[in-house]
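Heads up, the thing below is written out as structure tokens.
Bear in mind these aren't lab numbers, they're just calculated from the coordinates by the rules spelled out. Note that the coordinates shown come from a computational prediction; the quantities given were computed from them, not determined experimentally. Glycine also receives a Cβ, built like all others from the backbone with ideal geometry; neighbour counts cover every protein chain displayed.
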Amino acid sequence: MAIIITDECINCGACEPECPNTAIYEGAVDWNYSEGTSLAGEVTLTSGTVVDANAEQAPISDEYYFIVPDKCTECKGFHEEPQCAAVCPVDCCVPDEENVETEEELLSKQQLLHQ
């Protein structure tokens, strides 16, 4: 499952540089799928959604840091545990119970993001 950042976030930014997929963004910041990945042009995500990897996307949160679920692999393929959760001083990087994925699905997503 992807990791989410809860509203307990103090906007310290410790998590952002730790993400190997560049899936973490500061609140109110536009983002795209290509940043920090090998994605370019029109791409079919592992969820089946077709996106323009270079197109700017609206922020998921305007108030605090957020994680893009389609880019989050829980650090599978890079680290033993999610690095955002490991460095968060207030423990607000938690599993997203509404976005459960198997290890195989997470590794498949990691392979897509970093071909």
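Tabulated results
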| item | result |
| --- | --- |
| Net +/- balance of residues flanking Ser108 in space, Cβ distance below 14 Å, scoring K and R +1, D and E -1 | -3 |
| Positive minus negative residues near Cys92 (Lys, Arg vs Asp, Glu; Cβ under 11 Å) | -3 |
| Helix-only CD estimate at 222 nm, as mean residue ellipticity for the chain, using -39500 (n - 2.57) per DSSP H run (n ≥ 4) | -3500 deg cm²/dmol |
| Degrees between helix 103-113 axis and first principal axis of the chain (Cα, 0 to 90, nearest 10) | 70 degrees |
| Relative contact order computed over the chain (Cα-Cα under 8 Å; 6+ residues apart), in percent | 40 percent |
| Phi-based couplings in Hz for segment 47-62 (Karplus 6.51, -1.76, 1.60; Gly and Pro marked x) | 6, x, 6, 9, 9, 8, 4, 8, 6, 5, 10, 5, x, 7, 9, 9 |
| Cα coordinate range in the chain, projected on the principal axes (Å, largest first) | 36, 29, 24 |
| FRET efficiency for Thr102 and Ile60, using Cβ-Cβ distance with R0 set to 30 Å, rounded to 0.05 | 0.80 |
